[in-house]
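Peer 1: First the structure, which I've put down as structure tokens, then a few questions once you've had a look.
The values are calculated or read from the model by the stated rules, or taken from the named source; none is laboratory data. In this text the structure is predicted, and so the values were computed from the model without any measurement. Please note: Cβ atoms are built from the backbone with ideal geometry, for glycine as well, and neighbour counts cover all protein chains shown. Just so you know, the surface numbers come from the protein's heavy atoms only, side chains and all, with ligands and any DNA or RNA stripped out. Shrake-Rupley method; radii C 1.70, N 1.55, O 1.52, S 1.80 Å.
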Amino acid sequence: MTDIETLEQETLQSIAAADSEASLEALRLGVLGRQGTITQRLRGMGALDPDERKSVATALNRAKDAISQALRQRRDELEEAALDRQMQAEWLDITLPARPNRTGSVHPVSQTMDEVAAIFADMGFGVAEGPQIETDWHNFDALNIPPDHPARQEHDTFFIRMESDGGSQPNVLRTHTSPVQVRTMQERGAPLYIVAPGRVYRCDYDQTHTPMFHQTEGLAIDRDITMANLKWVLEEFCRAYFEVDAVELRFRASHFPFTEPSAEVDLRCSWQDGQLKVGEGDDWMEIIGCGMVHPRVLEAGRIDPSVYQGFAFGIGIDRLAMLKYGIPDLRAFYESDVRWLRHYSFEPLDIPTLHGGLSR
Ligand code: PHE
């Protein structure tokens, strides 16, 4: 091997081993720079005789080309490796779903209220609200419950005297969401299709009663509403809510002063070994009160009962949550036990919809 070939081989090896652009540049200067070995050899060729000059020139130029090419190639490789490293370091998988860090979650009662509203919204009902501190008139009188009516006792009402009204007119913590019927009739008139979710209060406490609980009121008023419409809406609602065909409902004749006729809806369920199951067993849990709106209630809402009729219902939200999620004791809902909440609560980003699924 000539010394030129040796130089070329050694340089090519060094280039292949170079691990930075700086060391490549040093190599280039050492060989092809102004003081570089090959540059100097080319410069010194004048001293050679013509034959020798030709073969040395060919060998030097070949070596120069090979080295230049190797330098370019190695520089490209290093650049690409640097880019790869950067891409790895800055890599971000935007396809991963968001990971909420669970500082908060949705209580099963809130989840149930949202699910119920989503189902009725799908049927064309809007959402209405009313105050939790309610006047005696809206909570009772307007709903055809006069002062001496026995239904007043049944409601286990919390009365509150407010400084602002001099303590003369007792207000109540609303005992049901039905006063929202009257308020919404007065505000919006007929036809009217609304649901009104909210908190209600009664002085009662056991496995299926807590002093504060939740209802979703429903009201549909139009020119030709019948009990058949009511039954269809409630059956359709239960099928959608429980997401199973096995649900069995029982419509039982009942009495409410603000509806005529009235019915209560019970759902077949079983309580075994502290487990609550829906659609089987010999127990029935009352979940809905309903009926055709009493003409006096329409009048209180300033709607003409000779033109319009309607149906109304009140759904017990807490019991609905117990049934769907198999929670045997209502009192656990309000004990704020973090372990219980972790077990039964919902991800805040899972918003219930009919098309996306109501619950996980
Ligand atoms: N307000 C009734 C209750 O709380 C339920 C109900 C609502 C009944 C609407 C009939 C119509 O028990």
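Peer 1: For region 182-247, state which trypsin sites (Lys or Arg not before Pro) are in a DSSP loop and have at most 11 other beta carbons lying within 10 Å of their beta carbon.
Peer 2: Arg223
Peer 1: Also, quick follow-up: Return the carbon/sulfur percentage of the accessible area of the chain, one whole number, probe 1.4 Å, all protein chains in place.
Peer 2: 50
Peer 1: Using a basic spin-label model with each label point 7 Å from the Cα along Cα→Cβ, how many nm lie between Ile133 and Arg252?
Peer 2: 3.7
Peer 1: Can you compute 3J(HN,Hα) from phi for each residue in region 127-136, using the Karplus curve 6.51 cos²θ - 1.76 cosθ + 1.60 with θ = phi - 60°, rounded to whole Hz and x for Gly and Pro?
Peer 2: Once rounded to whole Hz, the list reads 10, 10, 9, x, x, 7, 8, 10, 6, 3.
Peer 1: Then there's this: Cβ under 14 Å from Ile303's Cβ, Ile303 left aside: what net charge do those residues give with Lys, Arg +1 and Asp, Glu -1? Let's see the in-between values first.
Peer 2: Details: positive: Arg183, Arg188, Arg223, Arg296, Arg302; negative: Glu187, Asp222, Glu299, Asp304.
Around Ile303, the surrounding residues sum to +1.
Peer 1: In nm, what is the difference between 0.36 nm times the number of residues separating Gln207 and Gln69 and their Cα-Cα distance? Please report the intermediate quantities before stating the final value.
Peer 2: Values: separation 138, 0.36 × 138 = 49.68 nm, distance 8.57 nm.
Going from the current span to full extension adds 41.1 nm.
Peer 1: Quick one: length gained pulling Gln153 to Asp51 fully straight, 0.36 nm per residue minus the C-alpha distance?
Peer 2: 24.0 nm
Peer 1: Counting helices only, and only those DSSP H runs with n ≥ 4, report the 222 nm mean residue ellipticity of the chain as the sum of -39,500 (n - 2.57) divided by its residues, in deg cm²/dmol to the nearest 500.
Peer 2: Rounded to the nearest 500, it is -12500 deg cm²/dmol.
Peer 1: A further question on this structure: Please give the charge dipole size of region 38-180, origin at the Cα centre, charges +1 on K and R Cβ atoms and -1 on D and E Cβ atoms. Round to the nearest 20 debye.
Peer 2: Computed charge dipole of region 38-180: roughly 1820 debye.
Peer 1: With every protein chain left in place, what is the accessible area per residue of region 59-123 in square angstrom, probe 1.4 Å?
Peer 2: That works out to 70 Å² per residue.
Peer 1: Okay, moving on. Compute the helix-to-body angle for 227-242: its Cα long axis versus the longest principal axis of the chain, expressed 0 to 90° and rounded to tens.
Peer 2: Between helix and principal axis, roughly 40 degrees.
Peer 1: Give me, ordered by chain and number, the residues 5 or more places off Ile160 or on other chains with an amide H under 5 Å from its own placed amide H.
Peer 2: Long-range HN contacts for Ile160: Asn171, Val172, Leu173.
Peer 1: Once the whole set of protein chains is in place, how much accessible area is left on Thr58, using a 1.4 Å probe, in Å² to the nearest 10?
Peer 2: 80
Peer 1: What is the calculated FRET efficiency for Asp93 to Glu347, with r their C-beta to C-beta distance and R₀ = 30 Å, to the nearest 0.05?
Peer 2: About 0.90, to the nearest 0.05.
Peer 1: What's the tally of Lys pairs in the chain whose alpha-carbon atoms lie under 25 angstrom apart, where the two lysines are 8 or more places apart or on different chains?
Peer 2: 4
Peer 1: How large is ³J(HN,Hα) for each residue in region 36-52, as worked out from phi by the Karplus curve 6.51 cos²θ - 1.76 cosθ + 1.60 (θ = phi - 60°), to whole Hz, x for Gly and Pro?
Peer 2: x, 4, 5, 3, 5, 5, 4, 5, x, 6, x, 6, 8, 7, x, 5, 4
Peer 1: Moving on to the next point. Within the chain, which is the longest segment that contains none of the GluC sites (Glu not before Pro) sitting in a DSSP loop with at most 16 other Cβ atoms within 10 Å?
Peer 2: In the chain, the maximal stretch lacking such sites is 130-242.
Peer 1: Which one of Phe346, Met123, Leu234 has its Cα pushed farthest toward the positive end of the charge dipole of the chain, where Lys and Arg give +1 and Asp and Glu give -1 at the Cβ?
Peer 2: Phe346
Peer 1: Would you give the gap between the C-alpha center of region 20-78 and the C-alpha center of region 280-300, rounded to a whole Å?
Peer 2: 99
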